[in-house]
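Just below is one structure, and these are the notes that go with it.
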Amino acid sequence: MANLVHIALLLLPVLVCGGPEEKEGVKYASKCEACKILATELQARLSETGKSHDVIELGYSVDDVKPKKRTEYRRSELRLLESMENVCDRVLEYNIHKERKDSTRFAKGMSQTFQTLHGLVDKGVKVDLGIPYELWDKPSAEITQMKTQCETMVENFEDVIEKWYFNKQEEIPLIKYLCEDRVLKSNDHQCLYEKLEAKADEGDADDKKDQKEEL
């Protein structure tokens with residue numbers, strides 16, 4: 001019979017109704033973290049559409065005498081609008097990685113904790129988190145809240161994003177123009193440049209060890 005595994009709250013805090021969220025392990029995204037994700041995803045969306053060399057026609061001509069304005073799609077307002085539309089939905093692709101303490105706790109892919117838990121379930125171990133198994137991979141409270149923060153930020157800084165797109169995108173990264181210089185201003189912006197350190201490949205580590213032993 002499968003063992004019953006209870007996960008301690010220190011390992012995987014679970015939101016419990018009736019208590020302060022911070023005490024229950026829920027730590028919402030800061031303004032810095034929310035802006036970082038917005039800038040990252042919008043820049044990525046623009047990169048996906050920026051390779052097109054299609055030419056589009058703008059305007060209307062009643063008598064077909066006055067030529068319509070032609071412009072490259074990658075420089076058009078249409079590309080910006082399509083890129084901004086539903087950009088915050090991409091936040092739902094993120095997960096909260098509670099084993100990390102800085103802004104890299106928001107990242108795509110399954111966290112190490114849930115990889116371990118799913119592995120236990122696959123082996124027939126019964127894991128009790130206090131929530132149904134089918135809800136394990138649903139967006140957490142932090143992720144859904146960050147999506148709302150993202151939508152509010154887009155609405156409040158739409159004109160700033162437009163100015164960057166038409167005038168500065170070749171000169172300044174969006175994360176600096178929008179987040180560091182405008183959304184955060186003099187506030188702490190350290191999180192903007194925090195990156196997840198890549199772990200050294202075990203095979204490479206073994207090779208280096210062998211080389212040292214040969215010497």
Q | Exposure ranking of Glu158, Glu194 by accessible area [1.4 Å probe, largest first] | A | Glu158, Glu194
Q.
Taking amide H atoms as placed 1.01 Å from N in the peptide plane, list the residues 5 or more away in sequence, or in a different chain, whose amide H sits under 5 Å from that of Ile96.
A. Ser140
Q) Structure shown: which of Lys98/Lys185; Lys108/Lys168; Lys36/Lys176 lie over 21 Å apart, alpha-carbon to alpha-carbon? A) Lys98/Lys185; Lys108/Lys168
Q. Stretch Thr40-Leu81 to full length: gain in nm at 0.36 nm per residue minus the Cα-Cα span?
A. 13.1 nm
Q. Working out 0.36 nm times the residue gap between Val160 and Lys27, then minus their Cα-Cα distance, what length gain in nm do you get to one decimal?
A. 45.1 nm
Q: At 1.4 Å probe size, with no ligands or nucleic acids counted, give the accessible surface of Thr148 in Å², nearest ten.
A: 70 Å²
Q) In nm, what is the difference between 0.36 nm times the number of residues separating Lys195 and Glu99 and their Cα-Cα distance? A) 33.1 nm
Q: Rank these by accessible area, largest first, 1.4 Å probe: Lys101, Lys126.
A: Lys101, Lys126
(Q) If I model a spin label at Glu48 and Arg182 as a point 7 Å from the Cα along the Cα→Cβ vector, what separation in nanometres do I get? (A) 2.3 nm
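The values are calculated or read from the model by the stated rules, or taken from the named source; none is laboratory data. Predicted model only: the values in this text are computed from it and were never measured. Methodologically, a virtual Cβ is constructed for each residue, glycine included, from the backbone with ideal geometry; neighbour enumeration extends over all protein chains shown. All accessible areas refer to the heavy atoms of the entire protein, side chains included, with ligands and DNA or RNA removed. Shrake-Rupley method; radii C 1.70, N 1.55, O 1.52, S 1.80 Å.
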